[in-house]
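Enquirer: So that we are looking at the same thing, I have put the structure below in structure tokens.
Each value in this text was obtained by applying a stated rule to the coordinates, not by laboratory testing. These figures come from a predicted structure and were not determined experimentally. Positions of Cβ are generated from backbone atoms using ideal geometry, with glycine treated the same way; all protein chains shown enter the neighbour counts.
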Amino acid sequence: MVRYRYIPNDQLTQAIGKPIMLRLKNGKKLYGTIDEVRKNGIMFLPARVGSRGSSGQAEVRLFVPFFIPFGFFVPFLIIF
């Protein structure tokens, strides 16, 4: 059984811009899209890891540490 196989350029050009899974020789999987097919290889754009819904969580995490301490100390400064 052949573990790795050669994919010709015409098949790769059909996949430009479509989401694909790229399996590396070390067994890892990369998800993304093919941007461009060249003579010496392909330009692969990997998908962001955890892009589904995690962007909102990242904004909340940045908002909480910076603004809650200021909002906590402002009433004490106004009173004194």
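Enquirer: Using the Cβ atoms and a cut-off under 13 Å, what net charge is assigned to the surroundings of Thr13, where Lys and Arg are +1 and Asp and Glu are -1?
Expert: Once all neighbours under 13 Å are counted, the net charge is 0.
Enquirer: Another question about this same structure. How many nm is it between the label spots at Leu12 and Thr33, if each spot is 7 Å from the Cα in line with the beta carbon?
Expert: Roughly 1.8 nm, to one decimal.
Enquirer: Using θ = phi - 60° and the Karplus form 6.51 cos²θ - 1.76 cosθ + 1.60, what ³J(HN,Hα) does each residue of the range 32-43 get, whole Hz, x for Gly and Pro?
Expert: x, 10, 8, 8, 7, 10, 10, 5, 9, x, 10, 9
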